[in-house]
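Down below is the structure, laid out as structure tokens.
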Amino acid sequence: MESKLKISGKITFLLLIVFGNTVSFAQNNWSTKSSLSQDDQGFYKVMARQNADDTVWKEYTAKTIDKLPDFNYTKDPQTNQYGGWNVFNVKATGFFRTEKIDNRWWIIDPNGNPFIHKGVAVLNPGSSEGQNKALESKYGNKSNWISKETTFLKEQGFNGAGAWSNVDLIREEKTPLVYTVIVSPMGAYKSQHLKKFNGKYEKAGWQGFRYDLAMVFDAEFDVYVEKEISKIQKYKNDKFLLGYYTDNELPWVDDALDRHLNFLGKEEEGYKAAKKWLEARKGKNATVADITDLDRQDFTGFYFETYMKKVTKAIKKYDNNHLYLGCRFNQEKDELDNPKIFEVAGKYMDVISINHYRKWEPVQSIMDNWEGWSGKPFLITEWYTKGEDSGLPNKTGAGWNVPTQKDRGYFYQNFTIELLKSKSCVGWHWFKYQDNDPNDLTTDFSNRDSNKGIIDSNYEHYSPLIENMKLINNHTYELIQYLDAKK
């Protein structure tokens with residue numbers, strides 16, 4: 001398609017011109033240009049909007065390592081086969097683990113070296129007709145694809161693969177990327193639960209859960225915990241596996257107690273559990289009218305811990321070697337500001353996984369809370385921004401919109417610099433490897449038409465984005481030293 005960004009040949013970019021609140025675009029031959037100006041500290045200013053429906057573009061600061069004062073980066077100290085840093089060794093267990101050293105959290109790789117997981121989520125060849133044809137034309141087959149892309153990603157400073165990646169293909173490599181596995185016991189049970197209601201709930205949240213509640217109290221859920229998590233035992237001895245997620249963005253809503261009592265039938269296990277909890281706390285005659293905000297917060301912790309106990313018990317049963325990476329928090333106004341949720345998470349998770357959207361950059365005080373409440377490190381497992389020069393509509397998805405691929409690269413640098421200022425961050429996974437194919441209507445709506453990938457649907461790399469990713473990926477460990485010294 002003519003407007004699609006290609007590395008080879010003549011391509012276009014959209015130059016953002018702002019007059020007050022009026023935005024217009026002018027086409028040109030694409031180059032390394034972007035929409036950037038600089039602030040009074042010399043940092044770049046990027047034009048951005050939170051989504052395609054936002055008509056107002058605003059300027060945001062984007063810090064990059066070439067503009068950091070007194071940061072004289074050179075080639076990183078040597079890294080090992082996992083991507084761990086050979087600067088020092090601590091206890092090696094043969095598998096990945098975590099340790100806090102000099103007030104900074106690290107993942108420790110199987111050799112005993114400190115490790116930051118720099119990954120790409122959904123490292124998976126596209127499944128649409130157009131993507132299949134493009135893969136065959138460029139790589140011949142999927143085995144060639146994973147071999148070449150593993151090499152390519154490592155050259156760009158990545159050392160990992162995030163959720164929904166093709167684990168079977170990744171493991172074909174002699175020295176694969178350090179990968180993660182996602183299992184979905186609640187997701188599997190949700191599909192079964194829906195059948196009880198003839199395939200349609202009276203009311204469902206955006207994740208498709210009835211009344212926006214995960215059915216953690218149902219005895220039938222326990223069957224799916226065992227069934228789904230038992231599948232992990234085949235990875236038990238793989239040194240290149242970082243760890244496991246269970247499910248994704250489950251609805252740990254603040255008013256879960258009210259929802260259980262107001263919406264569920266009195267014969268349902270969730271209603272009975274909530275009623276029993278409230279009466280134990282407030283007495284036999286307690287009603288919904290007696291519920292306080294503290295009750296809500298504490299019940300959400302109890303509700304969440306019910307899930308945690310079940311899934312972690314099964315994980316330890318089938319694989320006690322690898323990290324439990326959590327259930328991928330997302331709800332900014334629910335679990336991400338709920339101390340009780342993080343307190344419970346800290347009891348069961350080795351690393352807390354968080355999908356980070358809606359903010360231009362991570363907020364230091366919020367990240368401090370996550371570690372303070374849980375006592376555990378965190379991993380950012382989804383984040384991205386979309387380029388207007390991609391030729392895609394960019395109407396779906398939670399990532400920010402920016403004018404060009406170079407702006408996307410500066411967003412990446414700024415975001416990761418802010419992450420590493422927190423001594424609790426142990427890595428990040430860009431979402432995702434490949435752009436959506438807008439002609440593939442089999443995907444869910446949020447993954448329909450947007451420039452999320454580091455490559456397009458024809459497997460062409462977005463070089464201005466990737467060059468910026470490479471720069472900071474290759475100097476992550478030096479950057480940590482620099483930021484810790486500044487603090």
Item checked: Subset of the range 460-475 (residues that are farther than 11 Å from Gln156 by Cβ and buried (at least 20 other Cβ atoms within 10 Å of the Cβ)) -> Tyr462, Pro464
Check: Among the residues of the range 346-360 satisfying the criterion of being free of Cβ contacts under 8 Å to residues at least 60 places away in the same chain and over 12 Å from Leu336 (Cα atoms), which is most open to solvent (accessible area, probe 1.4 Å)?
Finding: Lys347
Margin query: Could you list, ordered by first residue, the pairs with Cβ atoms under 6 Å in which the first is in the range 272-292 and open to solvent by less than 60 Å² (accessible area, probe 1.4 Å) and the second is assigned to a loop (DSSP other than H, G, I, E, B), at least 6 apart or interchain?
Written below: Ala273/Phe217; Leu278/Ala286; Glu279/Ala286
Next item on the list: Return the total of residues in the range 176-235 being touching a strand residue (DSSP E or B) at 6+ places or on another chain (Cβ under 8 Å), in contact (Cβ under 8 Å) with a residue 40 or more places away in the chain, under 23 Å from Thr300 (Cα atoms) and open to solvent by less than 20 Å² (accessible area, probe 1.4 Å).
Entry: 3
Checklist line | Extreme residue, farthest from Leu241 (Cα to Cα), among residues of the range 68-87 that are touching a Pro at 6+ places or on another chain (Cβ under 7 Å) and open to solvent by 60 Å² or more (accessible area, probe 1.4 Å) | finding: Val87
Note to self: Against the condition in contact (Cβ under 8 Å) with a residue 40 or more places away in the chain, over 28 Å from Gly375 (Cβ atoms) and small (Gly, Ala, Ser), how does Ala134 come out, does it pass?
What the structure shows: yes
Notebook entry, point to check: Out of Thr300, Thr312, Thr306, which single residue is β-branched (Val, Ile, Thr) and open to solvent by 20 Å² or more (accessible area, probe 1.4 Å)?
Noted result: Thr306
Check: Given the conditions (1) in a helix (DSSP H, G or I); (2) at pLDDT 95 or above; (3) in contact with a helix residue (DSSP H, G or I) (Cβ under 9 Å, 6 or more places away or on another chain), which single one is not true for Leu294?
Finding: (3)
Notebook entry, point to check: Failed condition for Leu336, given (1) aliphatic (A, V, I, L, M); (2) open to solvent by 10 Å² or more (accessible area, probe 1.4 Å); (3) free of Cβ contacts under 8 Å to residues at least 24 places away in the same chain, with all others met?
Noted result: (3)
Checklist line | Matching residues in the range 402-417 - criterion: being of a type outside the set (Ser, Thr, Tyr) and open to solvent by 10 Å² or more (accessible area, probe 1.4 Å) | finding: Lys406
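The values are calculated or read from the model by the stated rules, or taken from the named source; none is laboratory data. Since this is a predicted model, take the numbers as computed values, not measurements. Note that we place each Cβ from the backbone using ideal geometry, even for glycine, and neighbour counts take in every protein chain shown. Calculation scope for accessible area: heavy atoms of the full protein, side chains included, ligands and nucleic acids excluded. Shrake-Rupley method; radii C 1.70, N 1.55, O 1.52, S 1.80 Å.
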